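Worksheet: the structure to be examined is printed underneath.
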Amino acid sequence: MPGSGKTTLASKVYNDESVCSHFDLRAWCTFDQEYDEKKLLVTLFNLVTGSDLKFCEDIDVADKLRRKLHGKRYLIVLDDVWDTTTWDELTRPFPKVEKGSRIILTTREKKVAFHGKCNTDPHNLRLLRPEESWELLEKREFGKDCCPDELLDVGKEKDENKHN
């Protein structure tokens, strides 16, 4: 389900200080429903190496990426993968996950999650209950302050209409 926090959770893990220091190389790649495999591999290569390789049909980017990752402990986030073919095409260049390397996959599609599972089962995020959603919104918008009464009425009114 869109908006359930998959990308937010992956981002929290990806940016955690202990995670950052654990991996030699890290890269984050977000997908559109329609994508070009070679261009995404070039993007991943550039993210992993910090270089600015230009797209070119003659370059075997998958092989260059595989060589760069070989022997390194890497973390790759593949965010919002839509189908199993995408997963297969984009993980082909990755050396067998070893040395503590990890690939984090976020997807709306359960079949993609199970297809892409390597070391662990997919993690399902549950939707927040209305009171949890309200608490999250309040903390995010107002910090330690409370929501002003005039907005509280409007917010609760919309929430009540949603459940009727």
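The values are calculated or read from the model by the stated rules, or taken from the named source; none is laboratory data. Keep in mind that what you see is a predicted model, and the values were worked out from it rather than measured. Ideal geometry is used to build each Cβ from the backbone, glycine not excepted, and the neighbour counts take in all protein chains shown. Only protein heavy atoms, including side chains, enter the accessible area calculation; ligands, DNA and RNA are left aside. Shrake-Rupley method; radii C 1.70, N 1.55, O 1.52, S 1.80 Å.
Computed with a 1.4 Å probe over protein heavy atoms only, the accessible surface of region 1-115 comes to 58 Å² per residue. A probe of 1.4 angstrom, applied to the heavy atoms of all protein chains, finds Lys39 with accessible area near 110 square angstrom.
Measuring nothing but protein heavy atoms, the accessible surface of region 1-97 at 1.4 Å probe radius is 47 percent carbon and sulfur.
Packing-based ranking of 41-47, 147-153, 66-72 yields 41-47, 66-72, 147-153, ordered from highest to lowest mean Cβ neighbour count within 10 Å.
Label positions at Arg66 and Lys96, each projected 7 Å from the Cα along the C-beta direction, are separated by 1.3 nm. Between the residues Cys20, Ile103, Leu78, the greatest Cα displacement towards the positive end of the dipole of region 2-109, with unit charges on the Cβ of Lys, Arg, Asp and Glu, is found for Cys20. Modelling each spin label as a point 7 Å along the Cα-to-Cβ direction, I'd like the Glu109/Asp36 distance in nm, to one decimal. The answer from the label model is 2.2 nm. Between Ile59 and Asp83, full extension at 0.36 nm per residue minus the direct alpha carbon distance yields a gain of 6.1 nm. Here the 3J(HN,Hα) profile of region 21-28, calculated from phi with Karplus coefficients 6.51, -1.76 and 1.60 at θ = phi - 60°, is 6, 6, 9, 6, 9, 9, 8, 10 Hz, Gly and Pro shown as x. Largest accessible area first, the listed residues Tyr14, Tyr74, Tyr35 line up as Tyr35, Tyr14, Tyr74 when surface is computed with a 1.4 Å probe on the assembled protein chains.
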